[in-house]
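The values are calculated or read from the model by the stated rules, or taken from the named source; none is laboratory data. Model, not experiment: these values are computed from the prediction. No Cβ is skipped: glycine too gets one built from the backbone with ideal geometry, and neighbour counts run over all protein chains shown. Quick note on the areas: whole protein, heavy atoms, side chains included, nothing else; ligands and nucleic acids left out. Shrake-Rupley method; radii C 1.70, N 1.55, O 1.52, S 1.80 Å.
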2 protein chains.
Amino acid sequence: MTAPITPAPLRLGIAGLGTVGIGVVRIIQAHADLLSARAGRPVRITAICARDRKKNRDADLSGYDWVDCATDLARRDDVDVVVELIGGDEGIARQAVELALDNGKDVVTANKALLAIHGQALAERAEAKGRLIRFEAAVAGGIPVIKTMTESLAGNRIRRVMGVMNGTCNYILTRMQSGGLPYAAVFEEARKLGYLEADPTLDVGGIDASHKLAILASIAFGTRIAFDGVEIEGIERVSIDDINRAADMGYRIKLLGVAQMTGRGLEQRMSPCLVPADSPLGQLEGGTNMVVIEGDAVGQIVLRGAGAGAGPTASAVMSDIIEIARGVRLPVFGQPAGSLARTQPARTAVPAAYYLRLTLADKPGALAKVATVLGDAGISIDRMRQYDDEDTGEAPVLIVTHKTTPDAIDHAIETLPSTGVLVGDPVELRIEEV
Amino acid sequence: MTAPITPAPLRLGIAGLGTVGIGVVRIIQAHADLLSARAGRPVRITAICARDRKKNRDADLSGYDWVDCATDLARRDDVDVVVELIGGDEGIARQAVELALDNGKDVVTANKALLAIHGQALAERAEAKGRLIRFEAAVAGGIPVIKTMTESLAGNRIRRVMGVMNGTCNYILTRMQSGGLPYAAVFEEARKLGYLEADPTLDVGGIDASHKLAILASIAFGTRIAFDGVEIEGIERVSIDDINRAADMGYRIKLLGVAQMTGRGLEQRMSPCLVPADSPLGQLEGGTNMVVIEGDAVGQIVLRGAGAGAGPTASAVMSDIIEIARGVRLPVFGQPAGSLARTQPARTAVPAAYYLRLTLADKPGALAKVATVLGDAGISIDRMRQYDDEDTGEAPVLIVTHKTTPDAIDHAIETLPSTGVLVGDPVELRIEEV
């Protein structure tokens, strides 16, 4: 605990100098004394690399060795930790991480795709070599959710983890509501603002958030990461109509991830859900993220903060670096990788209220037919609103059900077209209790 | 990282078997496998003690050695960690902790008073002996705020820490509002529910919350704990009138702790403040706690959870125990105690809007006189409401000022009586930006 008289610095090789990489460089440059006091030893960058060396990054990088490839960092004797901020689940990011571990270096990464897909193999590889992989920045940016789950709540059996973990989707949904704008218009706006990934389906398709959910679920339940087991639905089909009507009834629509262990297996789902407008999740605006963790002893813990951006993400990367500098060495997912359980994916069976939006043709008895289908499926109606559209003669109908099972809702949705009174497809969204 | 084939158990001596102590026992009994998997070794209780051995605690304690005094735990060879859950800043709690450290044992405690008052000396003692003191449970119950500050935000220069950290006060304030009840009635209610400390001024006087704030400030700013430097005001003078009128204007009254480092020294204040009703802090109900941390890289992080109770507090105690079992050894306050800076206490100079409630005598020009005093003090008025009380002829007046300095407000408050138009003392509450 007492610092040695001449503590050896922790030497970093930083791979990737985008927003986050430069954010890390800036913290290390600005807070050298603070970091040294807290870590018990200096933290130094020895070498860096990025795709384009000539790009103006508005940072003084003259004190660091440039290398041509991230894998070169993994080969250097003067690098203790490879900080992988390249991204992507294959290619150079994966190679650099694997080579770093093989060469006896610890790894800090913000790469959720890499972990969600190769996390188990990488954790086994790291542990076989006695090395670490730390990844606080991979989930929910600056929010310390990995540490909270792995360490602070380690005395709890976790019941449920959920959260809003993609700032871009939350930006789009809140902006649709505040501006009264359709999805396509806000999507374009987000693209112009640079909020979208190069492949925007990673964001709006819910993939990125699902990577994060799969990582959290593994830690929460002591299971192998099972990204394939996440039921994923993005926000593309969320219409401004649904946002407005949900708001009329006191709800907000959020891209919500939920993971819980059931008797049938591990439930992981990422989908647009309704949450009460006055709940902490309902009030989440713009790019802010929120993770809600429920443990058997602690009850509910809510963590809120910026889910992306240079500063918040670099803050999380730094926390991992400082932990390594301090000599803290924990298994990658909180317990040895070999002890993580294999699980079956399970579809949720937890009853919930549902929001249904149907458009009915102007036919006598149309509503009665819908009510009959719902009744036959065992679904009772909590609230219903019928709107009139005089131009088309069609009648949009909004239904909030009492709690019912997902199976009952599926059955009703499948049966409804047979009534012959529906125009278009019904919209169905789960109302999550938060 | 790979667990040894026969890992030695971590052996605990638990001092104090109240709600929290029994909560810890229950978790260790219920989750032995989980804890062993996560800690990498079994966690075992070897000995326990409490004031009254015969009390029915509704737990099976037959497997543990009873000792007569907490200091006996510190003397046993079969105890690695003394878990101090007695409380109080002197007496047996302090003796047991000091003796445990002297005898080469680590300490886990939930004792905020002990740390707030003797933290520096205890940290120096622990570090001199190469031992640990961990105290996640001492601040904000189940919320992992100590770990978040010490570890997750270690790459940040902290700008401000604030929070609602006494559940009893928050219960009283929210219950006054929801029930339209005066302070005295709710105070009695809280006493009957067992929510108050034996000495209730610890709660309602703001002392308990100030202990917590002083601990957080030390970690946030790398300074020696300075409980004496906290400006403390409790909730005793908060009236139902103020709660109702603040609500009319879109605010809630919370017992809010704020700590920040200034050029003049360390500002630490605990006082009833107004916060916007729709802010995360404004929405906090009942015994829930919230801590808001602002760092230069991470921006704002909000942590919310149960601030007290057996489960949440025991969850925090367990996180400390598991960290010790895992071999994590960090300085008590995040950096060596000897390196913590001495600071001067500083009164806040940060401008804020203020809420003023005055009762004016029914005299011509009374309001004009008040306005003149405020204007002379350089205070401009944002909103004002005058109420009529026909029975008394007195006129309650509510003022929300524009941002002004604490000095200007003090000056105005001192000058107002000289107008001769005031009935009783003016009420002044800061409106905190959150």
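222 nm [θ] for chain B, helices only, -39500 (n - 2.57) per DSSP H run of 4+, per residue, to 500? Working shown, then result.
Numbers: 13 runs with 144 residues, N = 434.
So the calculated ellipticity at 222 nm is -10000 deg cm²/dmol.
Buried accessible area for the A:B pair, summed, 1.4 Å probe, in Å² rounded to 100?
Details: alone 18540 and 18510 Å², together 32610 Å².
About 4400 Å² of accessible surface is lost on pairing.
Across B:PRO345, B:PRO144, B:PRO364, mean-square fluctuation computed from a Gaussian network of chain B (C-alpha pairs under 10 Å connected) peaks at B:PRO364. On a per residue basis, the stretch A:10-138 carries 40 Å² of accessible surface, using protein heavy atoms and a 1.4 Å probe.
What is the Cα radius of gyration of the stretch A:37-115 over 2.2 N^0.38 Å, N being its residue count?
Taking N as the residue count of the stretch A:37-115, the ratio is 1.12.
Counting every Cα pair in the protein assembly as shown, what percent are over 48 Å apart? Result for the distance tail: 26 percent. With only the Cα atoms considered, chain A has a convex hull volume of 148 Å³ per residue.
When A:GLU390 is represented by a point 7 angstrom out along its Cα-to-C-beta vector, the spacings to that point in the other copies are 4.7 nm, nearest first.
State the Kirkwood hydrodynamic radius of the stretch B:337-409 in Å, one decimal place, computed from all pairs of distinct Cα atoms. Please list the in-between numbers first.
Details: mean 1/r = 0.0690 Å⁻¹.
About 14.5 Å, per the Kirkwood formula over Cα pairs.
Out of every Cα-Cα pair that the stretch A:110-199 contains, those further apart than 17 angstrom amount to 65 percent.
As a test of understanding, state the convex hull volume per residue of the stretch B:57-209 from its alpha carbons, in Å³.
Working: hull volume 24.9 nm³, N = 153.
About 163 Å³ per residue, rounded to a whole number.
Inter-copy label distances for A:ALA128: 4.9 nm (label point placed 7 Å from Cα along Cα→Cβ; shortest first). Specify the residue with the greatest mean-square fluctuation among A:VAL370, A:VAL332, A:VAL108, computed from a Gaussian network of chain A linking alpha-carbon atoms under 10 Å apart. Comparing A:VAL370, A:VAL332, A:VAL108 in the GNM, the peak value goes to A:VAL370. A 1.4 Å probe run over the stretch A:146-306, with the rest of the protein chains in place, finds 30 Å² accessible per residue.
In the structure displayed, which of A:LYS105/A:LYS129; B:LYS105/B:LYS129; B:LYS129/B:LYS212; A:LYS192/A:LYS212 lie more than 19 Å apart, Cα to Cα? Can you show the working numbers first?
Details: A:LYS105/A:LYS129 9 Å; B:LYS105/B:LYS129 9 Å; B:LYS129/B:LYS212 25 Å; A:LYS192/A:LYS212 25 Å.
Violating the 19 Å limit, Cα to Cα: B:LYS129/B:LYS212; A:LYS192/A:LYS212.
Rolling a 1.4 Å probe over the protein heavy atoms leaves B:TYR354 with an accessible area of roughly 10 Å². Across the accessible surface of the stretch B:353-431, with the other protein chains kept in place and a 1.4 Å probe, carbon and sulfur atoms take up 47 percent. Applying D = kT/(6 pi eta Rh) to the stretch B:73-131, where Rh is the Kirkwood radius over alpha-carbon pairs, T corresponds to 37 °C and eta to 0.692 mPa s, the Stokes-Einstein value obtained is 295 µm²/s.
Please list A:ILE86, B:ILE143 in order of solvent-accessible area, largest first, computed with a 1.4 Å probe with all protein chains present. Could the numbers behind the result be given before it?
On the way: A:ILE86 70, B:ILE143 0 Å².
Ranked list, largest accessible area first: A:ILE86, B:ILE143.
Counting only C-alpha contacts under 8 Å and six or more residues apart, can you give the relative contact order of chain B as a whole percent? Intermediate values should be presented prior to the final figure.
Numbers: 920 pairs, mean separation 69.9, N = 434.
Once divided by the residue count of chain B, the mean separation gives 16 percent.
Across the identical copies, the 7 Å label point of A:ALA361, projected outward along Cα→Cβ, sits 8.2 nm from its counterparts, in ascending order. Among A:ALA306, A:ALA214, A:ALA341, which one shows the highest mean-square fluctuation when chain A is modelled as a Gaussian network with alpha-carbon springs under 10 Å? Comparing A:ALA306, A:ALA214, A:ALA341 in a Gaussian network model of chain A, the most mobile one is A:ALA341.
Going by accessible surface with a 1.4 Å probe and the largest first, A:ASP80, A:ASP58, B:ASP241 read A:ASP58, B:ASP241, A:ASP80.
Just read off the accessible area of B:THR372 with the full protein assembly in place, 1.4 Å probe, to the nearest 10 Å². Accessible area of B:THR372: about 70 Å². Shown here: the stretch B:150-307, whose C-alpha atoms stretch 45, 33, 29 Å along the first, second and third principal axes, sorted largest to smallest.
As a rough guide to protection, the peptides B:192-200, B:166-174, A:257-265 ranked by mean Cβ packing within 10 Å, highest first, stand as B:166-174, A:257-265, B:192-200. For the stretch B:296-434, the alpha carbon positions stretch 74, 35, 26 Å along the principal axes, listed from largest to smallest.
The three principal axes of the C-alpha atoms in the stretch A:234-380 carry coordinate ranges of 74, 36, 29 Å, sorted with the longest axis first. Computed over protein heavy atoms with a 1.4 angstrom probe, the accessible surface ordering of A:LYS254, A:LYS403, largest first, is A:LYS403, A:LYS254.
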